[in-house]
There are 2 protein chains.
Amino acid sequence: MQVVFLGTAGTIPTRFRNLSAMVLKRNGRIFLFDAGEGTQIQFIKASLSMHKISDILISHMHGDHIGGIPGILQSLSLLKRTKAMRIFGPKGINEFIKAIIQTMNFELTFPVEVIEVNERIIIDEKEFYVECTHAEHKIEVLAYGFFEKPRPGRFNPEKAKKLGVPKYLWKKIQEGRKVKIKDKVIDPSEILGPERPGRKIVYAVDTRPCENVLSLANEVDLLIHDGMFANELKEKAIEGGHSTVVEAAELAKKAKVKRLVLTHISSRYPDTDLLRSEAQTIFPNTEIAYDLLTINLPVKES
Amino acid sequence: MQVVFLGTAGTIPTRFRNLSAMVLKRNGRIFLFDAGEGTQIQFIKASLSMHKISDILISHMHGDHIGGIPGILQSLSLLKRTKAMRIFGPKGINEFIKAIIQTMNFELTFPVEVIEVNERIIIDEKEFYVECTHAEHKIEVLAYGFFEKPRPGRFNPEKAKKLGVPKYLWKKIQEGRKVKIKDKVIDPSEILGPERPGRKIVYAVDTRPCENVLSLANEVDLLIHDGMFANELKEKAIEGGHSTVVEAAELAKKAKVKRLVLTHISSRYPDTDLLRSEAQTIFPNTEIAYDLLTINLPVKES
């Protein structure tokens with residue numbers, strides 16, 4: 001599983017930071033969190049393929065988080081995509097997509113399902129689920145959690161042989177299903193090691209630190225959080241519905257996350273040393289995101 | 001007067017070419033021709049100020065030419081612009097601007113006048129005028145001509161002294177107005193050199209070669225024209241409502257323009273040598289535009 005930051009700017013782009021967009025890549029499939037203006041160009045710069053996008057998840061309806069959707073839809077149509085795509089977002093996303101299709105002379109070549117979501121599990125598949133919750137901004141904003149379900153433990157061939165399980169049943173055991181040999185039922189737990197936990201990521205931008213995100217982010221492997229301002233601009237953070245890096249680090253510590261990446265960085269910080277050091281004082285495993293920063297999250301064994 | 005190409009890609013951006021946008025800068029004022037996605041970022045990269053934009057002139061309502069308008073309006077609002085702006089374009093531009101303001105949670109801090117135009121002079125000021133005409137594309141498309149009006153000739157102080165014109169009247173003469181000294185009327189032509197022609201630029205993208213553009217571009221100093229394809233892809237050019245570089249060069253030759261710049265380059269040409277050489281065979285003073293290409297057009301003396 002890989003996370004790639006395509007745009008890390010806070011509201012206004014800079015020479016070095018594009019507007020908000022983040023890719024989560026898993027088994028060749030891309031989940032795109034927000035799509036600010038310029039996202040399709042960042043895909044090219046990151047050597048990622050837009051064809052792989054299955055779902056776009058929008059945090060809120062401010063231009064710097066949705067301005068890149070039209071270009072993605074247009075370019076993929078020109079490239080003759082046929083595979084369906086889903087776009088999740090808060091109330092308003094449907095009207096926005098309709099309006100751009102109507103006014104920008106679109107000829108969509110693929111089905112786009114637009115889903116206005118609320119606090120709940122919005123995607124539930126065999127290996128993972130995506131949950132969203134309301135965060136706190138000037139307008140309605142959603143934070144998203146991408147949670148892999150636990151995988152069965154590692155297969156122990158010695159134990160299988162000892163219990164007389166024939167090889168053709170090993171796959172079934174590995175998938176966590178019981179098998180019956182003669183009259184004896186063998187439970188996977190007799191052969192598999194301890195259950196292996198899934199990877200957990202929470203994406204919460206354009207938000208004040210809040211209880212809902214604290215709860216969603218409980219013990220996650222990676223928390224991506226709004227860190228628009230240094231501590232001295234707390235007033236500005238409150239006013240704009242953003243967080244200081246100190247507030248974000250405090251939340252990360254409280255939620256016992258493993259790693260914190262701060263993004264949506266204000267253009268007033270071409271040098272982010274201050275932001276990093278302020279945050280690290282509270283939560284040492286903090287990074288400040290930059291465009292094309294790539295984070296690999298290896299499969300967990302325990 | 002300066003022309004800066006902010007985006008030169010044909011429909012789909014590449015690693016090196018952003019979507020269509022071109023700045024014409026004159027006396028500190030910016031006229032922006034088309035505004036594809038990413039235009040605000042290109043402004044930063046070109047060290048140009050969006051605050052200087054007085055007018056945006058849109059050729060047609062395809063996403064790759066208008067996708068950057070929302071970001072410009074949003075960022076300028078965040079920067080608290082108060083100065084009015086005009087946006088010219090074909091039918092549909094008004095609905096588009098309305099839709100984005102409604103659906104993208106805009107709080108515009110400045111007046112935006114949206115003007116749907118047709119074939120006519122759309123801006124007429126003391127020193128220049130802007131005229132548009134219909135070109136030929138898959139949907140309605142406008143070509144724009146930016147024409148400086150001729151300036152009075154160079155002032156000849158020797159002649160002025162000989163005719164007894166006192167210094168306080170020199171400015172009036174220079175402005176082309178008659179003056180009366182005692183009972184004698186002095187015509188500016190007695191003191192000024194020959195009238196100095198204005199600079200003329202025509203912008204015609206996403207178009208087949210056509211009579212209207214040929215006529216608008218007659219003897220202009222700079223023609224910016226669609227040159228999306230090499231000669232061998234003429235079929236594709238016809239099908240998509242674009243031009244081959246050969247067709248554009250032939251039009252430039254016929255219109256007796258001084259200089260031709262081809263833009264809206266297809267992503268299939270990372271190397272544009274073929275395009276340039278094909279065009280130059282017909283019209284030697286041809287360049288292929290690239291992002292941030294800047295062309296200075298000095299004031300003309302004769």
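When the range A:64-85 is examined, which residues are found to be within 13 Å of chain B (Cβ to nearest Cβ) and more than 21 Å from residue A:24 (Cα to Cα)? Before you say what the answer is, go through the steps one by one.
Our first condition is that a residue be within 13 Å of chain B (Cβ to nearest Cβ); within the range A:64-85, this holds for A:64-81.
Those that are within 13 Å of chain B (Cβ to nearest Cβ) and more than 21 Å from residue A:24 (Cα to Cα): A:74, A:77, A:78, A:79, A:80.
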Inside the range A:86-111, the number of residues satisfying the requirement of being closer than 20 Å to residue B:104 by Cβ, open to solvent by less than 20 Å² (accessible area, probe 1.4 Å) and more than 8 Å from chain B (Cβ to nearest Cβ) is 6
Restricting attention to the range A:44-85, the residues that are among the charged types (D, E, K, R) and either closer than 15 Å to residue B:67 by Cα or surrounded by 17 or more Cβ atoms within 10 Å (Cβ to Cβ) (or both) number exactly 3
- prompt: Mind checking whether some residue in the range A:125-144 is open to solvent by 10 Å² or more (accessible area, probe 1.4 Å) and among the aliphatic types (A, V, I, L, M)?
  reply: yes
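Being within 9 Å of chain A (Cβ to nearest Cβ), touching a residue at least 12 places away in the same chain (Cβ under 8 Å) and over 13 Å from residue B:69 (Cα atoms) is the filter here, so list the residues in the range B:10-33 that pass it.
Narrowing the range B:10-33 to residues within 9 Å of chain A (Cβ to nearest Cβ): B:11-15, B:18-19.
Subset that is touching a residue at least 12 places away in the same chain (Cβ under 8 Å): B:11-14, B:18-19.
If the condition is that a residue be within 9 Å of chain A (Cβ to nearest Cβ), touching a residue at least 12 places away in the same chain (Cβ under 8 Å) and over 13 Å from residue B:69 (Cα atoms), then B:11, B:12, B:13, B:14, B:18 are the ones that fit.
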Only one of A:198, A:227 is over 17 Å from residue A:283 (Cα atoms), at pLDDT 95 or above and open to solvent by less than 20 Å² (accessible area, probe 1.4 Å), namely A:198
**Message:** Just checking, does the range A:89-100 include any residue being among the aromatic types (Phe, Trp, Tyr), free of Cβ contacts under 8 Å to residues at least 40 places away in the same chain and closer than 18 Å to residue B:65 by Cβ?
**Reply:** no
Among residues of the range B:268-297 being charged (D, E, K, R) and in a loop (DSSP other than H, G, I, E, B), the residue most open to solvent (accessible area, probe 1.4 Å) is B:268
Output yes when any residue across the range A:34-43 is over 30 Å from residue A:152 (Cβ atoms), more than 11 Å from chain B (Cβ to nearest Cβ) and open to solvent by less than 40 Å² (accessible area, probe 1.4 Å), and no when none is. yes
Only unsatisfied item for residue A:234, checking (1) crowded, with 18+ Cβ neighbours inside 10 Å; (2) over 30 Å from residue A:300 (Cα atoms); (3) in contact with a helix residue (DSSP H, G or I) (Cβ under 8 Å, 6 or more places away or on another chain), is (1)
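The values are calculated or read from the model by the stated rules, or taken from the named source; none is laboratory data. This one's a predicted model, so the numbers in the text were calculated from it and none came from an experiment. Using ideal geometry, Cβ is built from the backbone for each residue, glycine included, and neighbour counts are taken over all protein chains shown. Please note that ligands, DNA and RNA were not included when accessible areas were found on the heavy atoms of the full protein model with its side chains. Shrake-Rupley method; radii C 1.70, N 1.55, O 1.52, S 1.80 Å.
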